[in-house]
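Below is one structure, written out as structure tokens, with a few remarks after it.
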Amino acid sequence: MPARAPTATSRRQRGALAERTAERTLRRAGHIVLARNWRGGGGELDRVVLDGETIVFVEVKSRHAGFLDDRRPVSRAQQRRIGAAARAFRSRYAVRHHPFRFDLVSVSGDPRRPDHVEWTRGATAPTGDAPSKPSEST
């Protein structure tokens with residue numbers, strides 16, 4: 001029997017659990033959380049963290065078999081909204097001259113006990129928002 005698509009409520013719950021899982025991963029790596037679900041500039045930033053002197057805008061994706069296209073986890077429209085929100089954040093907190101980057105954390109399986117957490121540094125730089133550090137993947 002094929003899996004059923006998750007409902008809107010269960011997607012929100014999965015998303016919230018995936019964001020907490022991603023945050024634990026980021027904290028374990030020594031990152032400091034500056035903001036959660038920050039809204040501004042017409043977009044939302046799942047997490048904003050500090051990696052040394054670098055501000056990192058983190059997009060979190062919850063992967064559930066058959067319901068997320070792995071080829072393009074962040075659409076161009078999402079990238080534009082993330083970029084607009086990042087510009088608003090940098091302007092609002094007067095950190096325009098700080099180095100920054102965009103990371104993607106993908107949580108696969110049950111977010112409470114994920115099968116896999118993939119963290120890609122420098123993954124989702126929106127047009128006109130080139131990261132200040134070279135891209136790295138883990």
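Scanning segment 119-138 for residues that are touching a Ser or Thr at 6+ places or on another chain (Cβ under 6 Å), at pLDDT 55 or above and surrounded by fewer than 18 Cβ atoms within 10 Å (Cβ to Cβ) yields one hit, T120.
Restricting segment 52-65 to residues that are more than 12 Å from E19 (Cβ to Cβ) and in contact (Cβ under 8 Å) with a residue 40 or more places away in the chain, the residue that is surrounded by the most Cβ atoms within 10 Å (Cβ to Cβ) is F57.
Regarding A94, is this residue at pLDDT 70 or above, among the small types (G, A, S), surrounded by fewer than 20 Cβ atoms within 10 Å (Cβ to Cβ) and more than 29 Å from S10 (Cα to Cα)? Yes, satisfied.
Filter segment 9-35 for residues that are of a type in the set (D, E, K, R), closer than 19 Å to T120 by Cα and without any contact (Cβ under 8 Å) to a residue 40 or more places away in the chain and give the result.
E23, R24, R27, R28
The values are calculated or read from the model by the stated rules, or taken from the named source; none is laboratory data. Small disclaimer: the values here were computed from a predicted structure and weren't measured. Note: ideal-geometry Cβ built from the backbone for every residue, glycine included; neighbour counts use all protein chains shown.
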